[in-house]
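Presented below is the structure to which this report refers.
Values quoted throughout were computed directly from the atomic coordinates according to the rules given, and no laboratory measurement underlies them. No experiment lies behind these values; they were computed from the predicted model shown. Backbone-built Cβ (ideal geometry, glycine too); neighbour counts: all protein chains shown.
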Amino acid sequence: MLKPTALLVFYSAFLVALSGQQLDLRKAAANCIPSAAAALPNNRNFGGKQPGLELKAEFSTNGANRACWDFPLQINLAQMAALRIRFRCFNVPIVSQFNIYILAGNTWYSCKFSPQVNGKWEEAILPKSSFLPEGSSNSWQNCRKIRIATWRGSPGTLYLQFAGIEFISPNVSIALLRSGGNSEQQKEAYQYASHLGNNLSQGGLYPAVIEEDDCSARLLYPYQLLLLPYSAASSAGQISAVTAYLRNNGRVGVFHTLPPLLAAQLKLPAGNFLRVRSLPRPLAAVQPELASLPNARTFRQQSTSFISVKPGGILKTTAWWLDTSGQNTGYPALLEVPYGFWMTHVFLNQDSEAGFQTLLAQMSRFIPGLQHAAAAATLNRARFAYANSGMTAPNQAGNVLQAANRLFLNGNDLACRDYANRCLNYLSNASIPQTPPRENEFRAVWCRNPDGLPGLSWLETIRTLKASGFNAIFPNLAHASLGADQNIPRISACLQACHSNGVRLHLWLSCLGVADLPDALRQQFAAEGRLQKKENGAVLPWLCPSQKSNRQMLVNTALALAKKYPLDGLHLDLIRYPGSQSCFCKSCQLGFSEFLGRRLTGNWPELALDPQQERKNWEEYRRRQITSLVQEIRQAVKSVRPEMQLSAAVYTDWQNARSTVGQDWVTWQKQQLLDFVCPMNYRATAALFASDLTRQKQQLGGVNELLPGIGVSSERFSLEELARQIQCCRHAGTAGFILFEYTPRVAHDLLPALKKTLP
């Protein structure tokens, strides 16, 4: 039994406290339904007035791969801002993923959360915008369950303790409206809402997040400002509610294309949809007019399209689009009217803190006191984190926290928030051992843009990378379906730039996925029966690895590329199945029968998916299809260029990958099929990232052939978090690291600053 320790709560009376509805943890434990590897929960006293909740899971190698605890609810969360949990986790490294689900009506909404440390109390505030529906959206007026789930990374015992679970109310009079709940645009619309909501939450603002199903004029009236992250996906009912709100002197912030009724109500022009490729240079950033938006900051955003609008009349331009040369394009990025503001593209959250400062300045023109609310919330987070860190004064974290307190009392909200964030970073850094880099550390980037950095040539792109101390690039320049004569000018230019600057080029080769190919070629593959099929016969944009024509095409392309170019490496991507529900084409049916050495008896493909019939054999068959394909590619490329390195991008969780997508990458390494492997360890926190490395080191028996992928862009890292995850790689002893992906913010902002702060 774990020894209970006191939960410290350290809040000052002058802070604006968040409030909401607490989950009764005593009743939750009594009514919980555990499943899979989960044990029955217990109530424990952690030093507070109310008993806490302790969850235990026993993960074994051959047991269930997750643990779930379901707690009944009967609560209206239509105007919830976020879920706050105060928790600690023991044995974080054995877990590959943590999730919290809320059942709203008949729809499960899922959100990941990430422990920062092992065995210490911490607070996580999960904005409602991070809870994404598994299916069509639903009203949150009748929320019926909350589920906590953890996924096995490796065997062991997990303890997860909660001192509080709270559904918090907004701390500002702002409502963020989610749209497209039952349309084809749902996924896109919810992604943009997540970008905006997560940015505001990270900055300390927690707006109410309201589903389209709950949107009514009556519900909206009390709010001073509404935000529509992607109004093009709004239903007629939602637009009607918003226009009624506007007629009642409301204020709205809208993004990208405007529905005609809403544009008319706001007295905004329709504008012209414009693709950036029609401009002399790509878009790079949004630059605020500081006279209108004091304390705003230029933020990077590489939009590929926007709405072109001519300023004038009642339209007041408060920010402009800049191109990659840093010049003002003359196109407004933010426009203000008496009834609100309009951003002429969606907010992508590619430059979190600077973007927040500009949004904050724009919204503050309609609602006073937002800077104060953001400072109070950030200071609250810092005080809780410091109180439960176990640190004793004097130390850097405590010193900047004291400074933040003084600044708050003196009304300097902007500086207070900055110092509170410094405190949080010092606390996070304290748990990461500082380790010097190994000699010849492999420092690489994935570059998805086939032309390099926007607005730069390949030579300029590589020189920029080299200047930041990086020595390798993995550019997305080849697809196995297109042969060796694809992208010849680009590959040649990149190769020449790399070798003239001492940078290694590992060519990124897309293998089985064909979603990005031209429509005509995809249709040709479908007509030839070469694409994968789901259980119901639906065709997927993936080549079937069991078909000889597909395998030979992949091997031939890899061989031809190796012959044609003096590459340092060939990097395999999408060398897997898309998921567990494919492929069930005729070739796979025949191949599986040959693998078993007997005729299939029973219904196809049901027998392959049934754990009581052939499920285990089916998974092994799929693994062998991918493994043998990797082996054939290796034999081909090494036969003509033995010094060239072969690598692959793989899923983080090997055990899950081998059963769901056939990617048995630990076996690949033990059979020496790859020179190194790049698990895509895209984690929001260094604690989970370090846990991945610990588990992978155990599975591989070492990390010399491991080049971990760090999700600097996908997870929208700060400089400090990037530095922490690099330190995790060094402490684990990996050969180096690779960043996803090489964007202008990474190239021009993060990596030069990183070079100054890290050896």
By the Cα gyration tensor axes a ≥ b ≥ c (a/c under 1.5 gives rounded; else a/b larger than b/c gives prolate, otherwise oblate), the shape of the range 371-430 is prolate
Treating only Lys and Arg (+1) and Asp and Glu (-1) as charged, each at its beta carbon, one finds that the range 593-677 has a dipole about its Cα centre, in Debye to the nearest 20, of 200
Gyration tensor on Cα atoms of the range 521-653, a ≥ b ≥ c root eigenvalues, a/c under 1.5 rounded, else prolate if a/b beats b/c, else oblate, says prolate
Expressed as a whole-number percentage, the relative contact order of the range 261-328 with C-alpha contacts under 8 angstrom and at least six residues apart is 40
Reduced to Cα centres, the span from the range 348-364 to the range 712-759 in Å works out to 22
For the pair L290 and S60, the simple spin-label estimate (label points 7 Å beyond Cα toward Cβ) gives in nm 6.5
To the nearest 20 debye, the range 69-147 has a Cα-centred charge dipole, built from +1 on Lys and Arg Cβ and -1 on Asp and Glu Cβ, of 120
So, relative contact order of the range 209-302 in percent, Cα under 8 Å, 6 or more apart, is 22
The answer for the longest stretch of the chain without any exposed trypsin sites (Lys or Arg not before Pro) (DSSP loop, at most 10 further Cβ atoms within 10 Å) is 50-597
In whole Å, largest first, the alpha carbons of the chain cover along the principal axes 71, 65, 55
For the pair K563 and N76, the simple spin-label estimate (label points 7 Å beyond Cα toward Cβ) gives in nm 7.2
Normalised per residue, the volume inside the convex hull of the alpha-carbon atoms of the range 134-291 in Å³ amounts to 213
As a percent rounded to 5, the proportion of antiparallel DSSP bridges among beta bridges in the range 327-482 is 50
Residues of the range 522-556 with backbone N under 18 Å of the label point set 7 Å from the Cα of Q635 along Cα→Cβ are 545-556
Checked the range 306-464 against the a/c 1.5 cut and the a/b vs b/c comparison, axes a ≥ b ≥ c from its Cα gyration tensor; verdict oblate
Helix-only [θ] at 222 nm, the chain, -39500 (n - 2.57) per DSSP H run of 4+, per residue, nearest 500, equals -10000 deg cm²/dmol
D323 neighbourhood, Cβ < 13 Å, K/R = +1, D/E = -1, net charge +3
Here the gain from full extension of S240 to S325, 0.36 nm per residue of separation minus their alpha-carbon distance, amounts to 26.4 nm
DSSP beta bridges in the range 20-168: the antiparallel percent, rounded to 5, is 100
Taking Lys and Arg as +1 and Asp and Glu as -1, residues besides D70 with C-beta under 13 Å from its C-beta add up to +4
For the chain, the dipole about the Cα centre with charges only on Cβ (Lys and Arg +1, Asp and Glu -1), to the nearest 20 debye, works out at 580
Given a Förster distance of 35 Å, the FRET efficiency implied by the Cβ-Cβ spacing of D516 and H731, rounded to the nearest 0.05, works out to 0.45
Expressed in nanometres to one decimal, the distance between label points 7 Å along Cα→Cβ at N556 and S714 is 3.2
Exposure-ranked with fewest Cβ neighbours within 10 Å first, H372, H499, H506 stand as H499, H372, H506
Given the candidates V276, P489, T107, the one whose Cα lies deepest towards the positive end of the charge dipole of the chain, counting +1 at each Lys or Arg C-beta and -1 at each Asp or Glu C-beta, is T107
Relative contact order as a percentage, the range 41-192, C-alpha pairs under 8 Å and 6+ apart, gives 35
With N349 itself left out, Lys, Arg at +1 and Asp, Glu at -1 over residues whose Cβ is under 13 Å from its Cβ give 0
Taking every DSSP bridge whose two residues both lie in the chain, the antiparallel percent to the nearest 5 is 65
Among K548/K670; K128/K316; K56/K145; K534/K616; K49/K145, the pairs whose Cα-Cα distance exceeds 23 Å are K548/K670; K128/K316; K49/K145
With the label point 7 Å along the Cα-to-beta-carbon line of R463 and a cut-off under 16 Å to each amide N, the hits in the range 722-759 are 748
The distance between the Cα centres of the range 499-568 and the range 256-275, in whole Å, is 41
